[in-house]
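The values are calculated or read from the model by the stated rules, or taken from the named source; none is laboratory data. As the structure is a computational prediction, the values presented were derived from the model and not from experiment. Here the Cβ positions follow ideal geometry from the backbone for every residue, glycine too, while neighbour counts run over all protein chains shown.
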Amino acid sequence: MRKQLMKGNEAIVRSAILSGCRAFYGYPITPASEITETAALYMPRAGGVFLQAESEVAAINMLYGAASAGVRAMTSSSGPGISLMQEGISYMAGAELPCVIADITRGGPGLGNIAAEQGDYHQVVKGGGHGNYRTIVLAPHSVQEMADLTALAFELADRYRNPVVLLADGFIGQMMEPVEFPQTAIAPRQPEYAVTGTEETRGNLVTSLHLDIDDLEAHQGHLEAKYRRAEKCEVRAEEWRTDDAEIVLTGYGIMGRILKAVAAEARAGGLKVGVLRPITLYPFPKLHFKRLAERARVFVVVEMSNGQMLEDVRLALNGVRPVEFLSRVGGNVPSHEEVLGFVREQARRTLPAREPEEERMANV
Amino acid sequence: MSSEMASEYAVSHGKAKAFYERYERKEELQHQTHFCPGCGHGQVHKMLAKAIDELGIQNRTILVGPVGCGVFTYNYFDVGNISAAHGRAPAVATGVKRSRPESIVIGYQGDGDLAAIGSAEILHAANRGENITVIFVNNAIYSMTGGQSAPTTLLGQKTTTTPDGRHTATEGYPLHVSELLATLEAPVYIERVGLGDNKQIAQATRAVRRTVENQVRGLGFSMVEVLSPCPTIFKMTPVEAQRWVRDVMEKTFPLGVFRDRTKDAQPRQLPEAGPALEEIPRILGVDIEGLPEGNAHAMEHAAEELDLRVRVAGFGGQGVLLLGEVLAEAGLDAGLEVSWLPSYGPEIRSGTSNCHVRLARQPIDSPLVTQPTVLVAMNEPSLRKFHSSVRPGGWILYNGETFPSDCGREDVHVLAHSFTRVADELGDARAGNMVMLGALLEITAVLPEASIDAALRRLVKSPKWVALDERALARGRELYRESLQEVGHES
C-alpha cells in the first residue's frame, strides 16, 4: 500500500477532483486557505474552473450558477465566511441544487481568532440561513476521512439535490497524515434538471420561488421527505469499544481522536469507557445514542464549543441517562489529561464503587 | 364573440419565438405578462426576445433573472432559466458561463438589485470582463416592494423611505452605474438608453441586441442600462411616466455610449477540452506509480509499543515545521503510523512556531502531543513553555550552550548545545534544525537512515541543501555520541 503524507485541506481538493468536481469558487480565509490554493493549482489542470470570488456571498452564488449548469461544484471557508454564505446555501437548498462546502472552523464570534474551534456547529448543522431546510453535514476526524468524506459529500449532494457541508476544525485541515486516494476519477452524469444552454435543457428552470402558499407548502413537504429519507439512510457514526461501555464519550472531529486516546487510558485503569463519534452531524446518530444508553450509565460530551452538539445529544437521549459536558473554547483544546481527569471524576460520581479487579481475583 | 375569445389579445406585430406561446408558468391570465400598463419591463422583454430570435440563439440562451419586478423572466422567455438571489445575478451568471462557455448567458436586473444589494457582484463581474450580457432596467425606485428609494433615486424625489425627498446630506447622490463601470478596463460595451419616444425605443432595441451579439462574438462584458418608467409607483399615467423619465430622469442619467471597445476586442476562444479521466490521478499527483514505494524501508523489527511523541518548537524561520515534516515523512517511509500537526495556538502571536509529531506502530489516536517523549526546543522561550510537559524518562534537546538551571529536571535527559552555531560552521545556520534532528534520530534510534535520506530528498528540492542537511544530520548524530563519551569520561 502506498500512501502519501498530506494536509487535510489538500486532500479535500484532490478527492473533489477525483469525484468529478470541476468548479471551485472561493475566498481565502485562515485556516481554510490551502483548499483555495490547491484548487487554484489543480482545478484548471483537470479542465475545471477556479475563480477567487470577490466575497463569500459571490462565491456561493457562483456555485449556484455552476450547480444550475449541472456541474459538480465546491467552495471552502471558515466561520465568518460561512456566515456570509448562508444566504446562498438557503437558496441552493430551496432550488434543490447540490454543492459541497468545506468549513474549516476557527474561533468566533466575530473576528474571533484563527485557532481551531468548533463553534460553527449551530450555524452549519442547524442551517444558518432562512427557511425550512437542512444541510447534510459530515465531520471528518483524519486526513483520510477528509478525502473519503469529500467523495461521499459529492455523492450525497447529488443523491439528495442538497448542499452538503464538510465540517472540520483547523487541526484536521492543517495536519498531515498518510492518505490514499482511489485510482480512478469519476465523470458524473449530467443531472436532468440542469440548465446548460442546449435545446434539450431549454425547458428547465432553476428557482426557489413558490409564490403560491400551497405550492410552497408542497415544496417544503417534498424537501422534508428528502430529509426524512436522509435521516433513515445516511446516518454514520464510529463506535470505539462501546460494547461494554458504562461511560460513553462523544465528540466529533479532532475531539474524536482525543477521546479515543482518553478511553484507551481509562480502560487501562479499569474503567469501561467507549467512544461514540458522530460522522454525520446532520442527520445526527440519535439511534446510536439510544442503543448505547441501554448499557451506559453516563454520557460525556466534549466539545471545542459552548455546548452546541450537547443539545443534540440531550435530545437524542431524552433524559434517559445523565449527560455531562466538558468544553474548552477560544482555540484551546481539552487536553488528554484534562478529559481523563473529568472522566475519572464522572466514574467516581456515577458508577457504583467496586473492588479493584486484582483484589477480586485474589479473593477467589 | 365568445367570452373566451374576448379574453385573448390579437397580437398584430407577431410575437418573438423566444417568448412562450402561452405563459403556462403563470397561475392565471396566461396570455399576458404581469407588468403594469406603461411599465418599461414589457418593452425591454420584447427587445431581448427579438434579439435572441434575430441572433438565432434561443437554444443556447440561459437567462438569469433577478429579484424585483423582473423576477418572472422565466414565465415569458422560452430559454433556459435560472432565478438568482437579490443582486447576485452577475455571480450566478459567472458560475454558469465559466462552466458552459458555449452558452449565451444574460443577466437581467433592476436598479435595486444591481445598483444596491448587488453592487459588489456587478462591479467584479464587469471588472473580470465576464463574457456575459447584462440588461439593467433603471426606474429610480424599488417598485415590487412598494416604492422605496433606490441608489438611483433622483435628488428631491419622494419615495416611501425618503418621504421628504432624497437629500444629499442623508442619502448621497444618484449612483451612475454605467459611468462607474466605464472606468474599468475590462468591459467591452456599456450604453444607457431610454424609452421616451420612438427614436429612443429604436436605439434601445439596437443596444439590447448589440450587448447580446457581443457575447455571441465572444467579445466580453456588455451592459445596457435602460431608463424605464414605473407609472404605478410614480403615480402617473403611462404617458406621464414616459415623459417624466425622458424630461426629468434623463437630466441625471444622460443617454449615450460610455464604453465601446468592440472594434478592438479579440474574440475569446472556447477553452480546450479537459484531460481524459485516466489522466486525473497523475495530474493530482496521487497515482500509485508516481508515489514513492510505501514501506520502502519497513522496520520489521520495530517494537509493537514503539510510540515516539515529539514536540518541536522555536522561532518562525528556524525550520521547526520542516524538522517535524522530515521526521514524519521518514516514519511513513519506514512503514510506521505517523501524524504531523502544526501549532495552532496563541503561541503564534509571539512569533514562535511549533509542531506535534507522532510515530507509532499502532494507529495513532490523538495527533496532539501534550506530553512529548522528546522536546526539541530551538530557543529559550520554547524551552520554558514546554519543558515541564516532557514525560519522565524523556528527552529535551535544547539549542543553547547552557541549559537554564531553573528548567532542569531530575527525571528527563538533556542534550544542550548550540546547534545553530554548529550548523553555521557547516555552512549555514539555517541547517540548525537538521543538526537537532540528527541528534534526535541518534537518541531515539528507531528510524533507518535510508528512510531519513528518502524523506530528505522528497522534501528538500535543492541538491545543495540536501548535501548540507546530510552533513548537518551526521554532525547531530556525532554530537550525541560525543556527549555520551563525555558523560562516560566524567563518570
* Asked: Looking at the stretch B:1-85, what helices (runs of 4 or more DSSP H) fall wholly within it and have at least 3 residues that are buried (at least 22 other Cβ atoms within 10 Å of the Cβ), in contact with a helix residue (DSSP H, G or I) (Cβ under 9 Å, 6 or more places away or on another chain) and at pLDDT 95 or above?
  -> B:40-55
* Determine the pairs where a residue that is within 11 Å of another protein chain (Cβ to nearest Cβ), located within the stretch A:248-263, has a partner that is small (Gly, Ala, Ser) with Cβ atoms under 6 Å apart, the partner being 6 or more residues away or on another chain. => A:Arg257/B:Ser366; A:Ile258/B:Ser366; A:Leu259/A:Gly251; A:Ala261/B:Ser366
* Structure fact -> Contact list, first residue from the stretch A:328-353 and more than 17 Å from A:Val275 (Cβ to Cβ), second anywhere and of a type in the set (Ser, Thr, Tyr) and at pLDDT 95 or above, beta-carbon distance below 7 Å, six or more apart or interchain, is A:Val329/A:Ser305
* Structure fact -> (1) modelled with pLDDT of 95 or more; (2) touching a helix residue (DSSP H, G or I) at 6+ places or on another chain (Cβ under 9 Å) all hold for A:Ile114 apart from (1)
* To do: Determine, yes or no, whether B:Gly351 is over 19 Å from A:Ser335 (Cβ atoms) and modelled with pLDDT of 95 or more.
  => no
* Structure fact -> Log entry, pairs with first residue in the stretch B:92-108 being more than 7 Å from every other protein chain (Cβ to nearest Cβ), second being assigned to a loop (DSSP other than H, G, I, E, B) and of a type in the set (Asp, Glu), beta carbons closer than 7 Å, six or more apart or on different chains, reads B:Lys97/B:Glu130
* Structure fact -> Checking A:Gly112, A:Gly70, A:Gly48 in turn, the sole residue that is at the interface with chain B (Cβ under 9 Å from one of its Cβ atoms) and on the phi > 0 side of the Ramachandran plot turns out to be A:Gly70
* Structure fact -> Picking from A:Ala139, A:Ala187, A:Ala151, the residue that is aliphatic (A, V, I, L, M) and buried (at least 24 other Cβ atoms within 10 Å of the Cβ) would be A:Ala139
* Structure fact -> If we ask which residues in the stretch B:180-206 are not in a loop (DSSP other than H, G, I, E, B) and not β-branched (Val, Ile, Thr), their number turns out to be 12
* To do: Determine which member of the set A:Pro109, A:Pro98, A:Pro80 is within 19 Å of A:Ile35 (Cβ to Cβ) and surrounded by fewer than 22 Cβ atoms within 10 Å (Cβ to Cβ).
  => A:Pro80
* Is at least one residue of the stretch A:97-111 out of contact with any Ser or Thr (no Cβ under 9 Å at 6 or more places or on another chain), in contact (Cβ under 8 Å) with a residue 40 or more places away in the chain, under 27 Å from B:Pro281 (Cβ atoms) and in the same structural domain as A:Tyr227 (by TED's automatic domain parsing)? -> yes
* **Any chance A:Arg134 is of a type outside the set (Gly, Ala, Ser), in contact (Cβ under 8 Å) with a residue 12 or more places away in the chain and either part of a helix (DSSP H, G or I) or over 20 Å from B:His86 (Cα atoms) (or both)** => yes
* Residues in the stretch B:331-344: is at least one part of a strand (DSSP E or B), more than 10 Å from chain A (Cβ to nearest Cβ) and crowded, with 20+ Cβ neighbours inside 10 Å? -> no
* Structure fact -> Picking from B:Ser388, B:Ser405, the residue that is of a type in the set (Gly, Ala, Ser), over 30 Å from B:Trp465 (Cβ atoms) and within 47 Å of the chain's Cα centre (by Cα) would be B:Ser388
* To do: Check A:Ile35 against each of (1) facing chain B (nearest Cβ under 9 Å); (2) under 26 Å from B:Asp287 (Cα atoms) and name the one condition it does not meet.
  => (1)
* Filter the stretch B:109-136 down to residues that are under 18 Å from A:Gly197 (Cβ atoms) and touching a strand residue (DSSP E or B) at 6+ places or on another chain (Cβ under 6 Å) and give me whichever is farthest from the other protein chains (Cβ to nearest Cβ). => B:Ile135
* Structure fact -> The condition from (1) modelled with pLDDT under 95; (2) within 30 Å of A:Thr105 (Cα to Cα); (3) assigned to a helix (DSSP H, G or I) that A:Val333 misses is numbered (3)
* Asked: Out of (1) within 30 Å of A:Gly108 (Cβ to Cβ); (2) within 9 Å of chain B (Cβ to nearest Cβ), what's the single condition that is false for A:Leu152?
  -> (2)
* **Matching residues, the stretch A:155-183, being within 9 Å of chain B (Cβ to nearest Cβ), part of a loop (DSSP other than H, G, I, E, B) and in contact (Cβ under 8 Å) with a residue 40 or more places away in the chain** => A:Met175, A:Glu180, A:Phe181, A:Pro182
* Asked: How many residues, within the stretch B:418-445, are outside any helix (DSSP H, G or I) and not small (Gly, Ala, Ser)?
  -> 1
* Residue pairs meeting the criteria (Cβ under 8 Å; at least 6 apart or on separate chains; first more than 22 Å from B:Thr232 (Cβ to Cβ) and small (Gly, Ala, Ser), in the stretch B:156-173; second assigned to a loop (DSSP other than H, G, I, E, B) and modelled with pLDDT under 95) -> none
* Just for helices (runs of 4 or more DSSP H) wholly inside the stretch B:207-294: which have at least 3 residues that are within 12 Å of another protein chain (Cβ to nearest Cβ) and surrounded by 16 or more Cβ atoms within 10 Å (Cβ to Cβ)? -> B:280-283
* Given the structure, is A:Gln190 more than 25 Å from A:Ser142 (Cα to Cα) and either in a loop (DSSP other than H, G, I, E, B) or of a type in the set (Ser, Thr, Tyr) (or both)? -> yes
* **Number of the exception - A:Val195 against (1) under 25 Å from the mean Cα position of the chain (by Cα); (2) in a loop (DSSP other than H, G, I, E, B); (3) within 14 Å of chain B (Cβ to nearest Cβ)** => (1)
* Inside the stretch A:198-233, can you point out the residues that are assigned to a helix (DSSP H, G or I), under 30 Å from the mean Cα position of the chain (by Cα) and aliphatic (A, V, I, L, M)? -> A:Leu216, A:Ala218, A:Leu223, A:Ala225, A:Ala230
* Go through the residues of the stretch B:98-118 one by one and say whether even a single one is hydrophobic (A, V, I, L, M, F, W, C) and closer than 26 Å to B:Glu27 by Cβ. => yes
* Asked: For the stretch B:68-91, what are the residues that are among the hydroxyl-bearing types (Ser, Thr, Tyr) and within 11 Å of chain A (Cβ to nearest Cβ)?
  -> B:Thr73, B:Tyr74, B:Ser83
* State whether the residues of the stretch B:162-171 include one that is of a type outside the set (Lys, Arg) and within 26 Å of B:Ala91 (Cβ to Cβ). => no
* Asked: Could you say whether any residue in the stretch B:65-78 is β-branched (Val, Ile, Thr) and either farther than 30 Å from A:Ala73 by Cβ or within 22 Å of the chain's Cα centre (by Cα) (or both)?
  -> no
